[in-house]
Amino acid sequence: MKLKFKTIVILLFFTTALTSCSNGSFEPRSDNRLLMGTVCIITLYNNESQEIFDGAFEIIAEEDRLLSLQKENSDLGLINMNAGLKAVEVSEHTYRVVESALGYAEMTEGAFDPTIAPLVQLWAIGQGNTGILPSESAIEAENALTDFSLVTMESGNSIKLEKKGMKIDLGGIAKGYIADRVKEYLLSQGVERAIINLGGNIIVLGEKPGNEPWKIGIQNPFDSRGSYIGVAAVKDKTVVTSGIYERFFIHEGKRYHHILDPETGYPVENELASVTIISSVSIDADALSTSLFVLGVDKGLELVESISNAEAVFVTRDKGVVLSSGAGSLFQLHDSDFKITSPQ
Ligand code: AMP
Ligand code: MG
């Protein structure tokens, strides 16, 4: 509960920072809802109607109903319930998101793996666990169910998990997908300028009044009060961060965060504190930020450099900042505690 409050403060802080520079002719207006277990804030310019806000929040709620691991009647709930039994027909949207998640699983050789759900539920980080470590044997047993190659995508939008007990979790990719859907909706309503912020998963539409880029704060991963280490200056882009500060608990002085390593079954322990992806499509940015976090700086850089139109800002635990080749022109470091470094 405490954590959720902090998140709200952080997000509101960012939105204020983002919108306070507008000039008088484009008065921004924000509305927010608690959806997908996080604060979703939409900021519109040019005096858009309340109906547009409502329509956008309805899309978020609707997609969350299909994609949530927690809701039994969701598409995901049905796929998971029928693991080892039969294929389940799902909505085209759900099918597309699972397909995309499997693409990232292939691309990262399983560092990103949507079948990690049993392990995610066992750890329950950010889902009620305030500090209890699961036993080694439980971790091993649940992680034996992590295997994206056992997901069968059949024709007619049907999905089957081949082994009983397997489950899919789209927590690493769904917010990006839903943000893209909101953007699509806003464009269809003629909105030209907007900020979509789904729990820190951000899309900016168009540019800031005055033909300026938007400035998106990149969170200081060591400071829960919502300070930022620098900004990404962007137009028509998405900015998505995965980090150790989002959902975590401390046990005997050690931090256990919510991004899990399918190799070990434990929260990822590498040199990283956060990874931010700047790109054009939010589903890709979301999957990539989680993927690169698991892969670490070297492999992560190699992957992001091979993808056109995606840039990365890695923040390491020793306060280094490593930028992909195109990120230098988008990211400005403001906090002198951090140093831009080259990859080791
Ligand atoms: P994000 O905040 O986008 O990096 O996503 C983190 C969420 O993705 C976690 O809360 C889990 O629901 C899920 N997750 C954790 N580890 C992995 C992983 N290795 N591959 C795919 N999804 C994961
Ligand atoms: Mg992600």
Checklist line | Residue that is touching a residue at least 24 places away in the same chain (Cβ under 8 Å) and closer than 30 Å to THR115 by Cα, where the choices are SER289, SER324, SER308 | finding: SER289
Next item on the list: Give the residues of segment 203-226 that are under 19 Å from ILE277 (Cα atoms) and either among the polar types (S, T, N, Q) or free of Cβ contacts under 8 Å to residues at least 40 places away in the same chain (or both), sorted by residue number.
Entry: VAL204, LEU205, GLY206, GLU207, PRO213, GLN219, ASN220
Next item on the list: Look through ASP318, ASP298 and report the one residue that is more than 21 Å from ASN197 (Cα to Cα), among the acidic types (Asp, Glu), in contact with an Asp or Glu (Cβ under 8 Å, 6 or more places away or on another chain) and away from ligand 1 (no atom under 13 Å from the Cβ).
Entry: ASP318
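A quick yes/no check of all residues on (1) under 25 Å from VAL98 (Cβ atoms); (2) within 16 Å of ligand 1 (Cβ to nearest atom):
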| position | (1), (2) |
| --- | --- |
| GLY165 | yes, no |
| TYR177 | yes, yes |
| TRP214 | no, no |
| SER227 | no, no |
| ALA232 | no, no |
| VAL268 | yes, yes |
Notebook entry, point to check: Quick one: what pairs do we get from segment 147-173, first residue more than 18 Å from ASP261 (Cα to Cα), second within 16 Å of ligand 2 (Cβ to nearest atom) and in a loop (DSSP other than H, G, I, E, B), C-beta under 9 Å, 6+ apart or different chains?
Noted result: VAL151/ILE168; ILE159/ILE168; LEU161/ILE168
Notebook entry, point to check: Of all residues in segment 90-120, which are touching a residue at least 12 places away in the same chain (Cβ under 8 Å), more than 15 Å from ligand 2 (Cβ to nearest atom) and not in a helix (DSSP H, G or I)?
Noted result: VAL90, SER91, GLY110
Next item on the list: Would you mind finding the one in GLY190, GLY230 that is at pLDDT 90 or above, out of contact with any Ser or Thr (no Cβ under 9 Å at 6 or more places or on another chain) and not in a strand (DSSP E or B)?
Entry: GLY190
Notebook entry, point to check: Name the pairs: first residue in segment 246-257 and surrounded by fewer than 18 Cβ atoms within 10 Å (Cβ to Cβ), second residue among the small types (Gly, Ala, Ser), Cβ to Cβ under 7 Å, at least 6 apart or on different chains?
Noted result: ILE250/GLY131; HIS251/GLY131
Check: In segment 235-344, which strands (runs of 3 or more DSSP E) lie fully inside it and hold 3 or more residues that are within 13 Å of ligand 2 (Cβ to nearest atom)?
Finding: 238-243, 272-279
Notebook entry, point to check: Looking at (1) within 16 Å of ligand 1 (Cβ to nearest atom); (2) under 26 Å from LEU35 (Cβ atoms); (3) in contact (Cβ under 8 Å) with a residue 24 or more places away in the chain, which is the only condition ALA124 fails?
Noted result: (3)
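The values are calculated or read from the model by the stated rules, or taken from the named source; none is laboratory data. Just so it is clear, the structure is predicted and the values come from calculations on it, not from any experiment. Backbone-built Cβ (ideal geometry, glycine too); neighbour counts: all protein chains shown.
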